[in-house]
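> Got a structure here, written out as structure tokens. Questions coming.
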Amino acid sequence: MTKTTSFQMDIRPLFTERDIQGMSRAFNLRSYDDVKKHAGAIYDRIRGIGGAVMPPPPPKGEGPWQQSRIELFAKWMADGFQP
């Protein structure tokens, strides 16, 4: 049986302090409720859809996520946004 993904264990650690600060005007990446509410937009942006890919490349950010991280975020959504 595959483990269900959760925000606290799997998703929250994906966001760096730089990501959190950079997005703070739009929403709080530390907040389960905010990330759940904006999950579709976050998912698009980490895939480079609807604007520049996030996180941005250096020096402004750590650069785009690896495919495995994007898939983990997608799995969290598919698993029903577990806290």
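> Please name all residue pairs, on different chains or six or more residues apart, with Cβ atoms under 6 Å, provided the first residue is in region 1-29 and is more than 20 Å from P56 (Cβ to Cβ) and the second residue is aromatic (F, W, Y) and surrounded by 11 or more Cβ atoms within 10 Å (Cβ to Cβ).
Qualifying pairs under 6 Å: T5/W76; F7/Y32.
> Same structure again: So, in region 3-22, how many residues would count as being under 11 Å from K75 (Cα atoms) and not in a helix (DSSP H, G or I)?
4
> OK, next. Which condition does K36 not pass, out of (1) part of a loop (DSSP other than H, G, I, E, B); (2) under 16 Å from F7 (Cα atoms); (3) basic (K, R), if it passes all the others?
The single condition K36 does not satisfy is (1).
> Looking at region 2-12, can you tell me whether even one residue there is modelled with pLDDT under 95 and of a type in the set (K, R)?
For region 2-12, residues modelled with pLDDT under 95 and of a type in the set (K, R): present.
> Which of the residues spanning region 30-50 are surrounded by 17 or more Cβ atoms within 10 Å (Cβ to Cβ) and within 17 Å of G63 (Cβ to Cβ)?
Across region 30-50, the qualifying residues are I42, R45, I46.
> Please work out which residue is nearest to I20 (Cα to Cα), limiting yourself to region 41-59 and to residues that are in contact (Cβ under 8 Å) with a residue 24 or more places away in the chain and part of a helix (DSSP H, G or I).
I42
> Can we say K60 is exposed (fewer than 15 other Cβ atoms within 10 Å of the Cβ) and in contact with a Gly (Cβ under 8 Å, 6 or more places away or on another chain)?
Yes, satisfied.
> Among residues belonging to region 60-82 that are assigned to a loop (DSSP other than H, G, I, E, B) and under 18 Å from D34 (Cβ atoms), point out the one that is nearest to the chain's Cα centre (by Cα).
F81
The values are calculated or read from the model by the stated rules, or taken from the named source; none is laboratory data. Worth saying up front: this structure is predicted, and the values here are computed from it rather than measured. Don't worry about glycine lacking a Cβ; one is built from the backbone with ideal geometry, like all the others, and counts go over all protein chains shown.
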